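Peer 1: Shown below is the structure under consideration.
Any read-out appearing in this document is the output of simple, stated calculations on the displayed coordinates, not a laboratory observation. Just so it is clear, the model here is predicted, and its values are computed rather than measured. Cβ sites come from the backbone with ideal geometry, for glycine too, and all protein chains shown count toward neighbours.
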Amino acid sequence: MPRTPPLDGLRFAFGTLTVIPVRVTRWDREAARGGMLCAPLAGLAVGAAAAGLGLVLLFLGAGAPLAAVATVAVPAALTRGLHLDGLADTADGLGSGKPAEDALRIMKQSDIGPFGVITLVLTLLAQIAALAQAYDASWARGACAAVVSATLARLALTLAARAGVPAARPEGLGAAV
């Protein structure tokens, strides 16, 4: 099996998982595999940016709730809402109670249903509440929570893309890696 140069995987991860402008030079199975291995690095960058904005607001005198809202907003902006869209699609598909094929069809639709909306609202509120509490405890705890959570979320992607985990669809990214 040919080895993918590390920069190809890194470019793939940042080009796929963030809006950070990188030039993805390869879109093949090996580059996708390298990208999933580098996904936590993209999460680290997103988390650092989120923590950075939260800290700037705290140091400018904003309270913990506003810093938490900003910290939650940064990953949404830097990922084009990719993780939020996926969460809403998953909630709509699973909440439908339909067989697997129908649930996948629902998940591929561009609209968002009631399960998706409820899941997004509750998830974002929980993230804001948790970060506000962390920032209230200390600025360092809040910043660390932002960085660690973003990195671990992308590590979950890496683990989900490992060998032996079946892809949901034969044409999706999961099948490529």
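Peer 1: Once whole DSSP H runs in the chain are found, which of them have Cα atoms spread over 15 Å or more along the helix axis and a mean Kyte-Doolittle score of at least 0.5? It would help to have the intermediate numbers written out before the result.
Peer 2: Details: long enough: 6-17 (16 Å, 0.64); 29-59 (44 Å, 1.35); 64-78 (21 Å, 1.93); 82-95 (19 Å, 0.23); 114-137 (35 Å, 1.45); 139-160 (32 Å, 1.27).
What comes out of the filter, once short or polar helices are dropped, is 6-17, 29-59, 64-78, 114-137, 139-160.
Peer 1: For Ser110 and Leu60, what does the FRET efficiency come to when R0 = 30 Å and r is the distance between their Cβ atoms, rounded to the nearest 0.05?
Peer 2: After rounding to 0.05, the efficiency reads 0.20.
Peer 1: Then there is this: Please give the contour-minus-distance gain from Leu94 to Leu7: 0.36 nm per residue of separation, less the Cα-Cα distance, rounded to one decimal in nm.
Peer 2: Gain on stretching Leu94 to Leu7: 27.7 nm.
Peer 1: Let me have the 222 nm mean residue ellipticity of the chain computed from DSSP H runs of 4+ only, each contributing -39500 (n - 2.57), with the sum over all residues rounded to the nearest 500.
Peer 2: -24500 deg cm²/dmol
Peer 1: Compute the distance from the alpha-carbon center of the range 59-77 to that of the range 99-138, in whole Å.
Peer 2: The two parts, judged by their Cα centres, are 18 Å apart.
Peer 1: Longest span of the chain, sites excluded, free of trypsin sites (Lys or Arg not before Pro) in DSSP loop with at most 11 other C-beta atoms within 10 Å? Before the final figure, lay out the partial values.
Peer 2: Working: sites that count: Arg3, Arg23, Arg162.
Answer - 24-161.
Peer 1: Taking the simple approach of a point 7 Å from Cα along Cα-to-Cβ for both Glu101 and Trp27, what is their distance in nm?
Peer 2: So the two model labels end up 2.8 nm from each other.
Peer 1: Further, regarding this structure: Given labels modelled 7 Å from the Cα in the Cβ direction, how far is it in nm from Ala140 to Thr123?
Peer 2: Result: 3.2 nm between the two label points.
Peer 1: Now, a different point. Remind me, relative contact order of the chain in percent, using alpha carbon pairs under 8 angstrom and six or more residues apart?
Peer 2: In percent, rounded to a whole number, it is 27.
Peer 1: Over the range 6-175, how many percent of alpha carbon pairs lie in each 10 Å bin up to the one with the longest distance?
Peer 2: 10, 32, 34, 19, 4, 0
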